[in-house]
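> Have a look at the structure that comes next, please.
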Amino acid sequence: MTKKASVLTLILALVALSALSNQGLRKISRQLLEDKIRGGWAGKMIGVSYGAPTEFRFKGQINDSKLTWSPERVSNAIEQDDLYVGMTMAETMDRLGLDATVEQYGEAFKVSKYALWHANAGARRLLNAGVKAPWSGHPKYNIHANDIDFQIEADFIGLMSPGLPQESNKYCDRVGRVMNYGDGLYGGMFIAGMYTAAFFEDDPMKVVEQGLSCLPPQSGYARLIKDVLTWYRQNPQDWKKNWNLIEQKWDKDDSCSDGALDPFNIDARLNGSYIVLGLLYGHRDFSKTLEIATRSGQDSDCNPSTAGGILGVMIGYSKIPDQWKSGIPALADTKFQYTQSSLNDICRSTLERTLKLVKLAGGQVTETEVMIPPQSPRPANLEQWDMGVPQRRITPKDPAWVWKGNWTDEKEEPGGQRVTTGAGSEVTLTFTGTSVAIVGNYTQEGGRADVYLDGKKTGMIDAYVVPETNDNDLWHVYGLNPGAHTLRIVMRDDADSRSKSKKLMISNAIVFRAT
């Protein structure tokens, strides 16, 4: 073979290899990709601002009140944790790189200054007490592990992973374990998975199904979403009937310290089902999608925020009706609270992360086009836990408690609260069940106490917490043998070096039986 023929053969081989490498790649123009990313962030801003006035006003009931909107209300999004927590995690990813570990995300979250509740608050409290991620999100330490927190923060991962659900699951597994576990973690994977599908899919049902495929099918979260899809096929025009079926089967036995034996429910699964109701029954209508997700109740600013973000990607910013988005241009360069990002900034940085990830996943990027390799969802590994079924809330005056030493009564909590300071006081609780949670207030004056379960020292309460961290789970344990147990709490004479006192406040105990 001549030298010229050899060169020609090599060129033909390279052309063939290039054609083969492009086979199956999904193409999206840079302009459309940017429009969809902006639509996702804008939809999230609009949804949270729309639902904010009704947040947790309708618990276990449909919201039939009048819902209104005016475009300037979108400015409410600047101060919402649905936006600033996820954005600060995105900024952490930009600072540390795509290979950042769960422990590094935990260290960054540890020093955050914004107000936090539930799983987020539990995680930051634990991180500041020396419990590193991923244990900060594990139910052994964080009773809120199934709560909604990561679910409302995972959008940024889905928005940077168009058509790449395996990548979104990978990054969710790193970031989400800072504050959640099990179904709480799966909530973020489900939401991010729906975002990845929304870049290429016009049918809301297919978007939901692809998000569902990111979850282990045996998980409680996946089983709930399967039910919602089944009931949608049976009742495609009646979202309220589907809502009632969800309520009857799934709005039960919340283990959260605030939700046990109460209509309040911040469980990721239940609130995730309301997002799905909005997407399915909204039929790509922006107004209807937000309305249904809001009227479903419970965390009714977070749920339309997520639904609006996913639909915003599906239709793109340019197709969000002006009546909803006309307030956005005036604040597009306003920084979100506690972040370095405005809407324009976060759209720009999301695009940059997207292009990096596409290349790492084997795709190609040109000045005008992005080519993304085909990627099917893979379900995460199964992990499940629960406290059991809440049976009883034991207030301080109940004879199940035996108080010794210098305890004083305060009435800040329903049913009262007992407070002591420093060594010399103790309390014993006798209960029958398989799990128990001790509920009280964390403050900057918190002290420490040793905990003994059935005569054996089994842990410690450290009631100090950094500011803006709103948690009330002093101590909990689950998976006990059925039967009677004795819990003894003995005050110590020390505290965190940052604490101003050595105080312990106990409001009640929640006892659970096995599911």
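> Against the definition (surrounded by fewer than 19 Cβ atoms within 10 Å (Cβ to Cβ), modelled with pLDDT under 95 and over 33 Å from the mean Cα position of the chain (by Cα)), how does G405 come out, yes or no?
no
> How many of the residues making up the stretch 397-431 are part of a strand (DSSP E or B) and over 21 Å from D254 (Cβ atoms)?
Qualifying residue count, the stretch 397-431: 17.
> Do we find that W135 is in contact with a strand residue (DSSP E or B) (Cβ under 9 Å, 6 or more places away or on another chain) and surrounded by fewer than 24 Cβ atoms within 10 Å (Cβ to Cβ) in this structure?
No, not satisfied.
> Among the residues of the stretch 43-83, how many are over 21 Å from Q298 (Cα atoms) and within 20 Å of the chain's Cα centre (by Cα)?
Of the residues in that region, 1 qualify.
> Does R378 qualify as being out of contact with any helix residue (DSSP H, G or I) (no Cβ under 6 Å at 6 or more places or on another chain) and either surrounded by 14 or more Cβ atoms within 10 Å (Cβ to Cβ) or not assigned by TED's automatic domain parsing to the domain that holds A197 (or both)?
No, not satisfied.
> Suppose we keep only residues that are among the polar types (S, T, N, Q) and surrounded by 20 or more Cβ atoms within 10 Å (Cβ to Cβ) within the stretch 212-262. Which one would you say is nearest to F512 (Cα to Cα)?
Taking the candidates together, the pick is S255.
> Next question, about the same structure. So which residues in the stretch 277-296 are surrounded by fewer than 23 Cβ atoms within 10 Å (Cβ to Cβ) and hydroxyl-bearing (S, T, Y)?
Answer for the stretch 277-296, where residues must be surrounded by fewer than 23 Cβ atoms within 10 Å (Cβ to Cβ) and hydroxyl-bearing (S, T, Y): just S287.
> Here is a follow-up. Scan the stretch 315-330 for residues that are surrounded by 17 or more Cβ atoms within 10 Å (Cβ to Cβ) and either within 22 Å of Q31 (Cα to Cα) or polar (S, T, N, Q) (or both) and jot them down.
Result: I315, G316, Y317, I320, W324, K325, I328.
> May I ask you to verify whether M387 is crowded, with 18+ Cβ neighbours inside 10 Å, aliphatic (A, V, I, L, M) and either at negative phi or not in a loop (DSSP other than H, G, I, E, B) (or both)?
Criteria met by M387.
> I want to confirm something. Restricting to the stretch 466-492 and keeping residues that are surrounded by 13 or more Cβ atoms within 10 Å (Cβ to Cβ) and more than 31 Å from the chain's Cα centre (by Cα), which single residue is farthest from T443 (Cα to Cα)?
Filtering first and then ranking leaves H485.
> When residues of the stretch 147-171 are filtered for being within 20 Å of E103 (Cα to Cα) and under 10 Å from the mean Cα position of the chain (by Cα), how many remain?
Count: 5.
> So if I check each of T420, T430, T458, which one is surrounded by 17 or more Cβ atoms within 10 Å (Cβ to Cβ), among the β-branched types (V, I, T) and touching a residue at least 12 places away in the same chain (Cβ under 8 Å)?
T420
> So V358 passes all but one of these: (1) under 20 Å from the mean Cα position of the chain (by Cα); (2) aliphatic (A, V, I, L, M); (3) over 26 Å from H144 (Cβ atoms). Which condition number does it fail?
In the conditions (1) under 20 Å from the mean Cα position of the chain (by Cα); (2) aliphatic (A, V, I, L, M); (3) over 26 Å from H144 (Cβ atoms), V358 misses (1) alone.
The values are calculated or read from the model by the stated rules, or taken from the named source; none is laboratory data. None of the values given here were measured: they were computed from a predicted structure. For neighbour counting, all protein chains shown are included, and Cβ atoms are generated from backbone atoms with ideal geometry for every residue, glycine included.
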